[in-house]
Amino acid sequence: MADGDAGQLQVGLLGPLSVRRGGRNLDLGPVRRQAVLVALVLRAGHRVTHEDLLDDIWGDHPPSTGVRVLPSHVYALRQTLETEAVQRAGVIRSGKGWYSFDDQETRLDTEELAARSGRAHETRASAGPAAALALFGEALALFRGEPLAGLPGRYTNSVRRQLQEQWHTLRRGRLECLVLLGRSAEALEELAELTASRPLDEGLLALQIRVLSTSGRQAEALDAFHGLRGRLREEHGAEPGEELRGL
């Protein structure tokens, strides 16, 4: 993520949490304090109640000190995030029973992800896979590892799952472009990795079966189909969908 304006706060969620201002990495302290910041930043401009924050981060095991634990975390975050230019208004505002993140200059790497992902999908639809292939790669390059790695809490886990799903969607889009361009051999290894991590994803498996079949590996394609059919029957009592049965 580029440094941008010197005073701009830059928050990276597409990997371990990263917060920068003026080209300098900011030390946010313990992981629960970082999780408090994430819960506020992603609801910027909205009031988040103390109870919601406790549930977001501590869940069914709230601290013995209850809501009294939050002011110490928010105070430390303010000390880290605020500069002389923003101290008067405050990056994190508060009222009776709530906090709100209100730095309108903050930039999130997820915003850039949305823009790049949108360009990739739109370009594929309008100009075809050759034009879109590099754009999918540029969107994927924003990921620095597991999103919000190591941060606890229900809210963070939910955000992490959403970002991981976006990562999978982009990878699949890139692989589909390779296949459409006749570069199936380049896609096979990555497809095997993805289907292993998502063994019940019928759309992904359908792509793998197509690639195996067009590569003259029909036996492997059939094995992949029957493997999925067995898993679906065992875990869900269901059969593969129409697309896979047709293949």
Given (1) in contact with an Asp or Glu (Cβ under 7 Å, 6 or more places away or on another chain); (2) within 23 Å of Val48 (Cα to Cα); (3) at pLDDT 95 or above, number of the condition Arg116 does not satisfy: (2)
Filter pass, Ala76 being more than 22 Å from Arg160 (Cβ to Cβ), in contact (Cβ under 8 Å) with a residue 12 or more places away in the chain and hydrophobic (A, V, I, L, M, F, W, C): yes
Residue match in segment 192-203 (condition: closer than 19 Å to Ser18 by Cβ and among the basic types (Lys, Arg)): no
Output for segment 203-240, where each listed residue is acidic (Asp, Glu), surrounded by fewer than 14 Cβ atoms within 10 Å (Cβ to Cβ) and in a helix (DSSP H, G or I): Asp223, Glu234, Glu235
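Let's see how each residue does on (1) surrounded by 19 or more Cβ atoms within 10 Å (Cβ to Cβ); (2) over 14 Å from the mean Cα position of the chain (by Cα); (3) not in a helix (DSSP H, G or I):
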| residue | (1), (2), (3) |
| --- | --- |
| Glu105 | no, yes, yes |
| Leu113 | yes, no, no |
| His121 | no, yes, no |
| Ser126 | no, yes, no |
| Ala130 | no, yes, no |
| Pro152 | no, yes, yes |
| Asn157 | no, no, no |
| Arg161 | no, no, no |
| Leu170 | yes, no, no |
Odd one out for Val74 among (1) under 21 Å from Asn157 (Cβ atoms); (2) surrounded by 16 or more Cβ atoms within 10 Å (Cβ to Cβ): (1)
Residue among Gly12, Gly59, Gly29 that is closer than 15 Å to Val159 by Cβ, surrounded by 12 or more Cβ atoms within 10 Å (Cβ to Cβ) and at pLDDT 95 or above: Gly12
Evaluation of Gly145 against (1) part of a loop (DSSP other than H, G, I, E, B); (2) at pLDDT below 90 (one fails), failing number: (2)
Residue count for segment 180-195, restricted to those that are closer than 16 Å to Arg124 by Cβ and in contact with a Lys or Arg (Cβ under 7 Å, 6 or more places away or on another chain): 0
Qualifying position, being in a loop (DSSP other than H, G, I, E, B) and closer than 19 Å to Gln162 by Cα, among Gly29, Gly15, Gly45, Gly90: Gly15
Selection count, segment 48-79, where residues are outside any helix (DSSP H, G or I), closer than 18 Å to Gly95 by Cβ and not aliphatic (A, V, I, L, M): 1
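Conditions tested, residue by residue: (1) more than 22 Å from Ala185 (Cβ to Cβ); (2) at pLDDT 85 or above; (3) touching a helix residue (DSSP H, G or I) at 6+ places or on another chain (Cβ under 7 Å).
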position: Pro199; (1), (2), (3): yes, no, yes
position: Leu207; (1), (2), (3): no, yes, yes
position: Ser215; (1), (2), (3): no, no, yes
position: Phe225; (1), (2), (3): no, no, yes
position: Arg229; (1), (2), (3): yes, no, no
position: Glu235; (1), (2), (3): yes, no, no
position: Glu239; (1), (2), (3): yes, no, yes
position: Leu244; (1), (2), (3): yes, no, yes
Subset of segment 115-168 [on the phi > 0 side of the Ramachandran plot and in contact (Cβ under 8 Å) with a residue 60 or more places away in the chain]: Gly145, Leu148, Gly150, Gly153
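The values are calculated or read from the model by the stated rules, or taken from the named source; none is laboratory data. In this text the structure is predicted, and so the values were computed from the model without any measurement. Note that each Cβ is placed from the backbone with ideal geometry, even for glycine, and that neighbours are counted across all protein chains shown.
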